[in-house]
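Colleague: Take this structure first; my questions come after.
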Ligand SMILES: [Zn+2]
């Protein structure tokens, strides 16, 4: 992964795409068995002596306790912060968890934080570390999301989920001995988050062609390769073999690197993420127990793929363009879409058939349709009509569909 990071940084430096690339400033990414054993010497080499290890009760058991022991053996000073669950038993990245952590960070004493956990623990640490100007290390305990190395922290504030700029980890230690023991549902969720790249890559090209959103073929190819590697090994991932888990966490981290280098989430997030976000906000409003991010994204990807397939095969937008020709107000963008229709059709053909997407999700044991997650048909229908509004700055095919065809 060291080599891959260097390669990406080099290519980005001379990338002719015209968008503003950001060098990846992560010291090291280790994806291997016993990766955690490297942490003590990493800390000692950089003179980080006073360490705050952050976990929840589950990830403490999965990796935190063992890590603490090995750091103590190296004469490092370790304090531990265990994030408590909410009344539903979930650890949530909200005000309560953030303050709980910030109270444990001493501005003059703490040298570094270590996030031991899944995406949520990482988001809590990422935010607190950034605000308190401390570096942090990432120790993922499940290959469940592509956000470990993200710079943005999705945080629930006053019951609303918003993404706040924060910092990326100084280094990542993805220990395969820990990751292979992750719950099957979280592994399936990681695969679902990757599968979502089919529709996000489509939407990215679409939004670039129709709304001139920034696009970079180099970054798109990083995400695309991560996606292909992952799908090619779906059986290994389903078997939860060390090789399968290595491939999945590598793909998730590479997808994260693509976002870091691009500086925005375009490469990894399109209408399928907007749908998932819509469901999440509804669950927050209702006070429902939250669902795994990647589980939602996987099922949402199949929904969006089915919708896009219909829109393209039935030539819905060129037909709307023909009918709207007299109406000056709406015809501008429609004519643009009509003009690029051939290209748009080509991009849509790169999204596998909905049945294939569902078959892959089934292979890894993830939910294939929203109802399996408990998301109602009513909510699915409403989200398909309204989810484009959750990201007002993104021109997805879902937005075009809802603007011109509803
Ligand atoms: Zn995602």
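Colleague: Quick check on residue 115: is it within 15 Å of the ligand (Cβ to nearest atom), in contact (Cβ under 8 Å) with a residue 40 or more places away in the chain and outside any loop (DSSP other than H, G, I, E, B)?
Modeller: Spelling it out, it is not the case that residue 115 is within 15 Å of the ligand (Cβ to nearest atom), in contact (Cβ under 8 Å) with a residue 40 or more places away in the chain and outside any loop (DSSP other than H, G, I, E, B).
Colleague: Now for a separate question. Could you count how many residues in region 229-250 are within 19 Å of residue 359 (Cβ to Cβ) and in contact with a helix residue (DSSP H, G or I) (Cβ under 9 Å, 6 or more places away or on another chain)?
Modeller: Count: 14.
Colleague: Which of the residues that make up region 69-94 are farther than 22 Å from residue 172 by Cβ, under 25 Å from the mean Cα position of the chain (by Cα) and surrounded by 13 or more Cβ atoms within 10 Å (Cβ to Cβ)?
Modeller: 85, 86, 92, 94
Colleague: A follow-up question, please. How many of the residues making up region 1-39 are closer than 17 Å to residue 226 by Cα and free of Cβ contacts under 8 Å to residues at least 60 places away in the same chain?
Modeller: Selection size over region 1-39: 4.
Colleague: So residue 246 clears everything in (1) in contact (Cβ under 8 Å) with a residue 40 or more places away in the chain; (2) part of a helix (DSSP H, G or I); (3) surrounded by fewer than 20 Cβ atoms within 10 Å (Cβ to Cβ) except one condition, right? Which one?
Modeller: (3)
Colleague: Then there's this: Which residues, counting only those in region 249-263, are surrounded by 19 or more Cβ atoms within 10 Å (Cβ to Cβ) and farther than 16 Å from residue 188 by Cβ?
Modeller: Within region 249-263, 250, 253, 254, 255, 256, 257, 258, 259, 260, 261, 262 qualify.
Colleague: Would region 376-391 turn up any residue that is closer than 19 Å to residue 209 by Cα, modelled with pLDDT under 95 and surrounded by 16 or more Cβ atoms within 10 Å (Cβ to Cβ)?
Modeller: yes
Colleague: Just one of (1) outside any helix (DSSP H, G or I); (2) away from the ligand (no atom under 16 Å from the Cβ); (3) closer than 15 Å to residue 147 by Cα trips up residue 261, so point out which.
Modeller: That leaves (1) as the condition not met.
Colleague: So, one more: Could you list all residues from region 307-318 that are under 15 Å from residue 355 (Cβ atoms) and surrounded by fewer than 16 Cβ atoms within 10 Å (Cβ to Cβ)?
Modeller: Answer for region 307-318, where residues must be under 15 Å from residue 355 (Cβ atoms) and surrounded by fewer than 16 Cβ atoms within 10 Å (Cβ to Cβ): 309, 310, 313.
The values are calculated or read from the model by the stated rules, or taken from the named source; none is laboratory data. On a predicted model such as this, the values are computed, not experimentally measured, just so you know. Here Cβ is always computed from backbone atoms with ideal geometry, including for glycine, and neighbour counts include all displayed protein chains.
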